[in-house]
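For reference, the structure discussed in these notes is given below.
The values are calculated or read from the model by the stated rules, or taken from the named source; none is laboratory data. In this text, all values refer to a predicted model and were calculated from it rather than measured experimentally. All Cβ positions, glycine included, derive from the backbone under ideal geometry; neighbour counts span all protein chains shown. These accessible areas exclude ligands, DNA and RNA; they are computed on the full protein's heavy atoms, side chains included. Shrake-Rupley method; radii C 1.70, N 1.55, O 1.52, S 1.80 Å.
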Amino acid sequence: MPFITINIDGREHTVQEGVTVLEACKSAGIPIPALCYHPKLRLAGNCRLCVVEVEGWKTLQPACVTPITPNMVVRTDTPRVRSARRTIVDLLLASHDCDCLVCEAAGRCELQKLAYEYGLDRRSRSFIGDEDYVSMPDESSPVLRYDRSKCINCTRCIRACGEIQGKGVIAAVNRSRDVSVSGGIVEWSDSKCDGCGECIQLCPTGALSVKARIGVRDWDVRKVRTSCAYCGVGCQLEMWVHEGRLVKVDGADVVPNYGSTCVKGRFGHDFVNSAERLKTPMVRRNGMLVPASWDEAIGRIASELERIKNSHGPDSIAGLASARVSNEENYLFQKMMRAAVGTNNVDHCARLCHASTVAGLAAAFGSGAMTNSIAELEHASCILVTGSNTTETHPVIGTIIRRAVREHGAKLIVVDPRRIDLVDNATLWLRQRNGTDVAWINGMMNVIITENFHDKAFIAERTEGFDELWEVVRQFTPERVEEITTIPAGLLREAARIYATSPASSIIYSMGITQHVTGTDNVLSVANLAMITGQIGKPSSGVNPLRGQNNVQGACDVGALPNVFPGYQKVTDPAVLEKFEKAWGRDLSSRNGLTVVEIMNEIEKNGIRGLVIMGENPMVSDPNLAHVEKALQNVEFLAVMDIFMSETAAMADVVLPAASFAEKEGTFTNTERRVILLREVLPPPGEALPDWKIICRLSGALGYPMNYSSAAEIMEEIAALTPIYAGIRHSRLFSEGVQWPCPDPTHPGTRFLHKDRFSRGLGKLHPVDFIPPDELPDDQYPFILSTGRILYHYHTGTMTRRVGALNEYAPGGFMEIHPADALRLDLENGGRARVTTRRGSIETEVRVTGRVAEGSVFIPFHFVEAAANRLTNDALDPVAKIPELKVAACRVDRIGTAMGGS
Amino acid sequence: MNRKVVVGMGTCGLSAGAQAVYDRLRELSEGSGCEVSVTGCIGMCFREPVVEVRSEGRRTVYGDVSAERAAEIWRRHVLGGEPVTEWIIKTFGEEGVAGSEEKFLAKQRRIVLRNCGVIDPESIDEYEAAGGYSALRKALLEMSPAQIIEEVKASGLRGRGGAGFPTGMKWSFAAGNPGPVKYIVCNADEGDPGAFMDRSVLESDPHSVLEGMIIAARAIGGTAGYIYCRAEYPLAIKRLTIAIEAARNRGYLGRNILGSGLDFDLKIKQGAGAFVCGEETALFASIEGERGMPRIRPPFPAEKGLWQKPTNNNNVETYANVPWIITNGAAAFASVGTEKSRGTKVFALAGRVAKGGLAEVPMGMTINELVFDVGGGIKEGRAFKAVQMGGPSGGCIPAAMGDTPVDFESIPRTGAIMGSGGMVVLDETTCMVEMARFFLEFTQNESCGKCTFCRIGTLRMLEILERITRGEGTPEDIPRLEDLAVKIKEASLCGLGQTAPNPVLTTIRYFRDEYEAHIRDRRCPAGSCLALVTFSIDGAKCVGCGLCAKNCPVGAIAGEKGKPHLIDTSKCVKCGRCISSCNFGAILRS
């Protein structure tokens, strides 16, 4: 990179060519004040504070937008410059509600700092200003407040919303003295603002602030960086703590989110302060859960499990680990189940989301995780999103996709039965019939191979099984695919060409691909598509399953699965078994354990009698809830560790109060395989303990003592036994974390997988034929039901439904139905309907919308009072044992019609 | 008897009642064999409606024509063959008969306005008959793009939007940047108060602008064009729309124009009423569907303009000059005007001038010639005080400097700017502080709000000016205004802010005593600022009729019948009703 010399304030400085005067000054350590400038945003040049003198120019030049030229002579601190800057601050103050005494931004306000620097007290200001400037703030948003009288019109918020978040829902309105920022014609809530709060984070004054007054001064809080409690993106957050309470959350400016968050990340953590948190252990006595001591509770669990184990064997006990707790805790949990109890019956909710990914990608590539890094997505030239409503389920990745399109010109192909928000940004949208994914992917491959766009060299050198694949794929002509999927053949061809010919294409998928009886087939198809085009194993190009829960990747990595030890090492492999037996000092079972849905089934058959659940809520999250409910009622003994009295905990015999993510040390592994740190931001409430301490106690009571002094020590044990984690140490994770595989403590981690060879050697192409979903619509159940998430709630709502602002955005459950169907069924938007399947029935609010196709119904599963999983089908994928949550046949009835009540 | 009657139907004519005149004439012409048609504005807005009778190469122009007068003209001149001499304002090709307004056109040189008031703006046939599109034919079929640019360079044509940048050089910049897509934009967002040059050209001769743009497209490699016209010009938009359609039908727009291989078409984009959209980068933003706010430069439009593509933007008058230059040659154009400012400039004369209208004069004519010889001096014989040139971005030039030539070199030396051609003439009753306040209020209201200096700097200046005109100014206010004005000029983002303080700075420069009188003596020398004037009754003139007392809404006037009355200044609200009701000029305002 060439350098040039310029003169700043009489001294020569060598700076990088092509930068602006402001950047040059910054790199030379010369301070330049600026309010509208922000390194993350495109230049606006509107505050004019950064003006400098440049030799050869008559007028002052704004440093932020002036490019440097060789031998330029710049003066940053002349009386003329100072006077202009002082005047600007003076002018701003005269149109500013200088209410610093009670302003939320006091202490971090950039205008306040400048006023202080220039000594602009009331007496030394030149201008009187508008007497009536103070106006009522706009408080129509559930999460933020906009106070026009504190706005300096720097437009950072507008640019943040458009350029960083890719949403562009706010803009400047009016002219001259009336200019302000607004989301809508009248007020903020008229807009599509989804409350991510990026604008607040970049506001230099108190114009945009968190609506719920934090009530504590900036300088009085302790700020601790940790990882977000919600999805698998693994956003790094800065938590503001005061007197044992979490008062505010900001995005931390590091990988992977670089300051951004979604509405849940920024505003959805109030639950840790909730009075409803579990604070003491509870045991069931005379049918009632009553407070108990830790010794009593742990003793009760140990004696019950011992009793069951002694009379029915260790495999009559099962444990559900959790994608919501740390790697260290999941590791200890599975270790306890395997070594202390003696069974491989340990599984967790990954079974319900990405079991098919783990199985499918392991078969195709040799390892089942996102192949690329989140940041790489921004520079993909084509992104194919299928079965992922990314902007709602992984919002920060959603913004990166939008940025790739809006800022870098990527082509976006969305394949989804619903018109998700990303369709707005898409080059092409292919609406397939639910459950026909193998068909359209085979169809794309058919086009690619027929039109000779496949990567012959990559296929020859890096893969096996192409001929067998072609035997199946050749039958999937676009016209035949159109019959199966309803995707017009022309659109499919166009999509195939774009995907195959773009320099770096990336596939993003999620539950829409995995939660089918053909989930593993779907994943194999996705892998086939990437391999025949050579769109894998390079930066920004690969196969990227987005993992749902914040630590679902980690829970799988550290062995909370019934068939593998930590690091996906098979329990059936004698060498592996021996290694773990040696390390853990116990004989271990070499028989694969049961999966989540199988456990529930076995309870019914009395195969499972004791169940320990750590931080999961199958009473809302699992398919066919009536069945789950019956199982949990019938199980002989149920122990639950949780932070709240969840629907599942309420059915337990013993409930143990756990520390939340913010109250303990540990690690999560996010969707891009990055191991990230959790910090103890707050002390746990009451007698609650981190899960790892609970497990240590319980394991000891079961006769298998565990002694760890810290989570870091547990990680050292994980690293010793898990090759992909071998180089991971807590001490390495403080700045950016490390992406596995990381074979030794000096290895920098792996940005993208399968660079020169696949984990399994050659990539395996699997011929996959199309199989329809398990349950198709018929006369009795004429609609296709699909379930999913919405932005404002998370999973079973245990956390988010305790957050006021999120409930304001999304107070309750609903079903989406197409206008034509609504008309036929006499349903009104906002009215109520009953949705019924062969397994159950719920009542919910009707939303009439073109987001869903005709003949389809969509219901989010967060809401226990209208629990979508009462309806879902628990038919399983034969390989991965993932249930078909995405397709069921249902009936819809207007509430009050004769059809009801059956 | 092949006489033809033509009615001036620009916005000025229509607002003076030309429609009724036209309708009456059409009615009378039924079956007469005489044609009644429409034309645009001839420039004599002060005499509208204007009707012209044409026969055998002679043109007789009548002014202040009502429907009744039209009937009379029809009867006596059209049918009878006898001109109605008392209503004639101008004649062409008729020896011996002089109209009352011969002087208005005498010193003009009409290049841009060559067809205005002559042809029917809705008829492409008339435009072609007047030589229209021959320049295009020449440029496309006989000249290379480089030759066109050379010709425009040689003509010395400079941008008529106000900045005076050499047009040929501008074209060469855009021509030098790579395509394939380049835009040709016409700025028709005329927004200065008191300016109506571009509107008149668009209403009276839209094809001349289209022809200029198509020639520019050839020169630069333009592929598509936009005319950004303010929505408040419905007639201009209507006539442009008709013209574009007609040009398309004749093959002057579209694919392979005149067989030359040039593909070019254009669209009209209506501006929504923001003054700042006259600034080219804001104009581009507005065309793109963004909020009309200026963008930072570099990059300059010739490199990355509209939709980030190389773009050439000129205003209406600039484009309208181009066909004339191509047809008549660069030398003919360069022979008009001064050495550095070639050609003519169209001015909209407004304010206290006797003959407000549109005049096109050679560059270098003095302000005095414009005001007195063309404009007929000041209304009601009052004293000429100053002109405000260039609208709210411009500045005032005092009468003492009336011999300043109007060109791109001389005018900026006075502190004013050429501007796009607005010339507001001020007389002794105009308060210069109030005038500055008026224009600053305009720019302040029109500030897009993007940069601090323009958004709040001009607001603070306005507040100070308001204080001064209320008589609440302090001696520090003048240096404070000057200091702030200089900073706003220096460091605002776009032309709007960089020029907004000009009216204030020039009035302080030339009329500082008026500011001081307001501040020190609490007096408005022009008797204009209400807060500083008092109303009184001249006892010598008052006859005691009582009419003023009867009309006073607050009962501030009293007196015995037949004796001079008195105004109680503590009650007086300075509404001025007494002045208008007094038949003896006895009410004093000072």
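Using the basic label-point model (7 angstrom from Cα toward the beta carbon), what is the A:D424 to B:I268 distance in nanometres? Label-label distance for A:D424 and B:I268, simple model: 3.3 nm. Of all stretches in chain B that contain no GluC sites (Glu not before Pro) in a DSSP loop with at most 13 other Cβ atoms within 10 Å, the longest one is B:96-287. Given q = 0.06, 0.09 Å⁻¹, what are the Debye log10 I(q)/I(0) values for chain B, with equal point scatterers placed on the Cα positions and solvent ignored? Once normalised to I(0) and log-transformed, intensities are -0.35, -0.77. With the convex hull of the Cα atoms taken as the outline of the stretch A:570-671, the averaged projected area works out to 8.7 nm². For a straight C-alpha distance cut-off of 22 angstrom, the lysines reachable from A:K881 (same-chain residues fewer than eight places away being disregarded) are A:K570, A:K605, A:K630, A:K764. The shape of the stretch A:103-230 can be summarised by an equivalent ellipsoid whose semi-axes, obtained from the alpha carbon gyration tensor, come to 25, 21, 13 Å from longest to shortest. Of the peptides A:103-115, A:535-547, B:545-557, the order by per-residue mean of other Cβ atoms within 10 Å, starting with the highest, comes out as A:535-547, A:103-115, B:545-557. Cα-based radius of gyration for the stretch A:783-894, normalised by 2.2 N^0.38 Å, reads 1.06. When the listed pairs B:K4/B:K107; B:K103/B:K153; B:K304/B:K450; A:K167/A:K211 are checked against a 23 Å cut-off, the alpha-carbon distance exceeds it for B:K4/B:K107; B:K103/B:K153.
Hey, could you get me the Stokes-Einstein D for the stretch B:86-169, Kirkwood radius over alpha-carbon pairs, 4 °C and 1.567 mPa s, rounded to whole µm² s⁻¹? Result for D is 80 µm²/s. Treating each Cα of the stretch A:207-352 as an identical point scatterer and summing with the Debye formula, the log10 of I(q)/I(0) at q = 0.12, 0.20, 0.21 Å⁻¹ comes to -0.75, -1.22, -1.28.
With only the Cα atoms considered, the stretch B:19-132 has a convex hull volume of 116 Å³ per residue.
Mean partner shielding of peptide B:540-551, defined as the number of other chain Cβ atoms within 10 Å of each residue Cβ, is 0.
A simple spin-label model places pseudo-atoms 7 Å from Cα toward Cβ; at A:D178 and A:N452 they are separated by 6.4 nm. Relative to one another, the C-alpha centroids of the stretch A:479-531 and the stretch A:832-902 are positioned 26 Å apart. With all protein chains in place and a 1.4 Å probe, the accessible surface of the stretch B:534-589 carries 55 percent carbon and sulfur. Take the Cβ atoms of A:V186 and B:D23, set R0 to 56 Å, and the FRET efficiency comes out at 0.75. Under the criterion of Cα pairs below 8 Å and six or more residues apart, the relative contact order for the stretch A:201-283 equals 21 percent. For the protein assembly as shown, give the share of DSSP beta bridges that are antiparallel, in percent and rounded to the nearest 5; count only bridges with both residues there. About 60 percent, rounded to the nearest 5. Max-minus-min Cα coordinates of the stretch B:534-589 on each principal axis give 24, 19, 15 Å, with the largest extent listed first. A 1.4 Å probe run over chain B, with the rest of the protein chains in place, finds 36 Å² accessible per residue. Stokes-Einstein diffusion of chain A at 4 °C, 1.567 mPa s viscosity, Kirkwood radius from Cα pairs, rounded to a whole number: 44 µm²/s. Take each residue of peptide A:64-71, count the partner chain Cβ atoms within 10 Å of its Cβ, and average: the result is 1. Please sort by residue number the GluC sites (Glu not before Pro) in the stretch A:799-831 whose DSSP state is loop and whose Cβ has at most 14 other Cβ atoms within 10 Å. Sites meeting the loop and neighbour criteria: A:E828.
Of the GluC sites (Glu not before Pro) found in the stretch A:440-476, those in coil by DSSP whose Cβ has at most 15 other Cβ atoms within 10 Å are A:E451. Computed over the stretch B:281-382, the Cα gyration tensor eigenvalues convert (square root of 5λ each) into semi-axes of 35, 22, 11 Å, ordered from largest to smallest.
Take each residue of peptide A:89-95, count the partner chain Cβ atoms within 10 Å of its Cβ, and average: the result is 4. Just so you know, the averaged projected area of the alpha carbon convex hull for the stretch B:148-203 sits at 5.0 nm².
D by Stokes-Einstein for the stretch A:371-545, Kirkwood Rh over Cα pairs, 4 °C, 1.567 mPa s: 82 µm²/s. In chain A, the DSSP-assigned H stretches of four residues or longer account for a calculated mean residue ellipticity at 222 nm of -7500 deg cm²/dmol, using -39500 (n - 2.57) per stretch and the full residue count as denominator. On the beta carbon distance between A:T78 and A:A212, with R0 = 41 Å, the FRET formula returns roughly 0.35.
Roughly what % of Cα-Cα distances in the stretch A:608-738 sit above 19 Å, to the whole percent? That tail contains 59 percent of the Cα-Cα pairs.
Over all orientations, the stretch B:176-269 has a Cα convex hull whose mean projected area works out to 6.2 square nanometres. Protection proxy ranking of A:313-320, A:883-890, A:173-180, by the mean of other Cβ atoms within 10 Å over each peptide's residues and highest first, is A:883-890, A:313-320, A:173-180.
Using the Karplus relation 6.51 cos²θ - 1.76 cosθ + 1.60 with θ = phi - 60°, the per-residue 3J(HN,Hα) values for the stretch A:861-871 come to 9, 6, 9, 5, 6, 9, 6, 4, 6, 5, 9 Hz, with x marking Gly and Pro.
Where only DSSP H runs of four or more residues are counted, chain B gives -10500 deg cm²/dmol as its mean residue ellipticity at 222 nm, each run worth -39500 (n - 2.57). Cross-link partners of B:K574 among lysines, defined as those whose alpha carbon lies under 26 angstrom from its own and excluding same-chain residues fewer than eight positions apart: B:K379, B:K385, B:K541, B:K550, B:K561, B:K563.
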